[in-house]
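Worksheet: the structure to be examined is printed underneath.
The values are calculated or read from the model by the stated rules, or taken from the named source; none is laboratory data. All figures in this text were calculated on a predicted structure; none of them were measured in a lab. Using ideal geometry, Cβ is built from the backbone for each residue, glycine included, and neighbour counts are taken over all protein chains shown. We work out accessible area using only protein heavy atoms, side chains counted, and drop any ligands, DNA or RNA first. Shrake-Rupley method; radii C 1.70, N 1.55, O 1.52, S 1.80 Å.
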Amino acid sequence: SVFLIDHAWTYRMEHARQRLRCVPGLLHRMANLMGIPFHGEVPDEGSIEQVLQEMWKYNQTYQLSQGTAEEKIPVWYIMDEFGSRIQHSDQPSFAAAPLFYMPQQIAYTVLWPLRDLETGDEVTRDYAYGETDRLIRKCVLLPWVPTELLDVSCFTPEPPDEYYQEILAENKEKLPVAINPPVYAKDKVFKVFTDIQQVLNNLTHPRFVFTDNEGEADILYYFSHFKDYRKLSEERPEVMVNQFPCENLLTVKDCLASIARRAGGPDGPRWLPRTFNLQTELPPFISYFQQRDRRGEDNHWICKPWNLARSLDTHITNNLNSIIRHRESSPKVVCKYIEEPVLFEREDVGLVKFDVRYVVLLRSARPLRLYSYNVFWLRFSNRAFSLDDLDDYEKHFTVMNYAPGVTLKQVHCEDFIPLFEKQYPEYPWTMVQASIFKAFAELFQAASSKPAPLGICDYPSSRAIYAIDLMLKWDTSRDEKRIMQPQILEVNFNPDCDRACQYHPTFFNDVFSTLFLDETDNCHVTRIV
């Protein structure tokens, strides 16, 4: 006996409020299904908000395995009145799973019995299907069975060494053998193989020439992740490559949070928002959330996928049920949302959030040699900041260059600094930037403090460029002064350097001179370590 259950509502998170507002009858049906009193004909914000809070007890999710990054973002759905009435049981009578039926391009839920049943037996399913650990089951079932986990420690130690070994195996990366650092002639002209158009269009330095033949290249400058360092180190140790083995420890958000703990106490360093890996640290997170709740502290959090960029599938919420359920869609970290960001006055809109992007150049991991490019980039929100309307993208996010029909506010750093210092005269940018560079130094020291795969591998022929996105938040120093504390948000591998090349045509000449020639004079870089 196999049954099909219809889906009453299918949507993506960022469209939920709008759909409830605009789709005729949807709010009425959802309110009825969730037992929320709704008597009007016209959708009102109060009822919409109640549905958005309550729906995490009814939401289910799937994602498509092909298509663009946008098309792979998890889809959420609510089963029809029958499906949504199926209750939880630890000894369920049925199992349920979504089925995407290609000919109709439509999804159903398939329901099938797990044992023979008599007429009148109840249909139940296991809401924590697949979870065997008792504590994790308790956490996963919390939206339906409220529990306090205040006795669970919210301390998140760094994961064991095996965790990093598993990541290495999963990435199919082969570590290099030990080699002697190559020495090159002072006037050598290097042959560069690259598949990055921005490099091909903008690298004009006389000591670099392009080749289409990977086999004869002195420098491999790849767009995608390179995996087989062992073969490269054994056969062509003198060939330089634009990546470091195990650099994903910086560029993937859950690893970034793990290695950063080497630089700070139990809560991690001050320059990283408090972060939990929802796959492996759910109980400590719930305990921490409930403790903050009890103390009346701000509890806004931001859920991010481990490795998607451009703010895709990223959600801000203060609803614990929502965060717990987001764990089912795709691997995520949850970070404390910066509730008191340093804001920037935009004359057209008021005080808005902004973030800053620095490009850093890693010349070597051991000894650590790290530079920052002297130009930084700014991104601004389009609406005045306040801790509400959490699904208002243009109020809470700064990534506007990928959103269709949204204006992108651009301010160059040399114009930004005087404006910033006029708004915050006690905080000269040189002082702010010194604290930013100190955070970068501590991050890279932590990342290279242990041998691979527990840290970035110190392969002598590796060089790399990363973009670090950060915000500033108001904090209190140890001597009770108000300070601007940098908050590192993410480290990006092979960043898009389009704006860099557009406004600073020598950008790739500077990068290549610093990384491959060890010549930094007139290259617009500052040595951090």
Kindly establish whether D391 is modelled with pLDDT under 95, open to solvent by 40 Å² or more (accessible area, probe 1.4 Å) and farther than 22 Å from P425 by Cα.
-> yes
Residues in segment 82-102: is at least one outside any helix (DSSP H, G or I), open to solvent by 40 Å² or more (accessible area, probe 1.4 Å) and charged (D, E, K, R)?
-> yes
Out of all the residues in segment 32-49, which are buried (at least 18 other Cβ atoms within 10 Å of the Cβ) and under 28 Å from E394 (Cα atoms)?
-> P43, S47, I48
Among the residues of segment 237-250, is any exposed (fewer than 14 other Cβ atoms within 10 Å of the Cβ) and free of Cβ contacts under 8 Å to residues at least 40 places away in the same chain?
-> no
Only listed residue being of a type in the set (G, A, S), assigned to a loop (DSSP other than H, G, I, E, B) and either touching a Ser or Thr at 6+ places or on another chain (Cβ under 7 Å) or in contact (Cβ under 8 Å) with a residue 40 or more places away in the chain (or both), chosen from S330, S322 | S330
Could you say which residue among R12, R17, R21, R85 is closer than 27 Å to R137 by Cβ and not acidic (D, E)?
-> R85
Counting only helices (runs of 4 or more DSSP H) wholly inside segment 413-529, the ones holding at least 1 residues that are charged (D, E, K, R) and closer than 27 Å to E247 by Cα are 429-447, 498-503, 507-512
Name the residue, out of E340, E347, that is among the charged types (D, E, K, R), open to solvent by 10 Å² or more (accessible area, probe 1.4 Å) and at pLDDT below 95.
-> E347
Per the filter on segment 11-46, residues part of a helix (DSSP H, G or I) and of a type outside the set (A, V, I, L, M, F, W, C) are E14, H15, R17, Q18, R19, R21, H28, R29, N32, E45, G46
Quick one: would you say V152 is aliphatic (A, V, I, L, M), within 30 Å of P451 (Cα to Cα) and in contact with a helix residue (DSSP H, G or I) (Cβ under 6 Å, 6 or more places away or on another chain)?
-> no
Out of the residues in segment 57-69 that are modelled with pLDDT under 95 and touching a Lys or Arg at 6+ places or on another chain (Cβ under 9 Å), state the one that is least open to solvent (accessible area, probe 1.4 Å).
-> A69
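Each row is one residue, and each column tells you yes or no for (1) more than 24 Å from E49 (Cβ to Cβ); (2) open to solvent by 20 Å² or more (accessible area, probe 1.4 Å); (3) acidic (D, E).
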position	(1), (2), (3)
L312	yes, yes, no
I324	no, no, no
P331	yes, yes, no
Y371	yes, no, no
Taking K72 as the residue in question, decide whether it is of a type in the set (D, E, K, R) and within 22 Å of A128 (Cβ to Cβ).
-> no
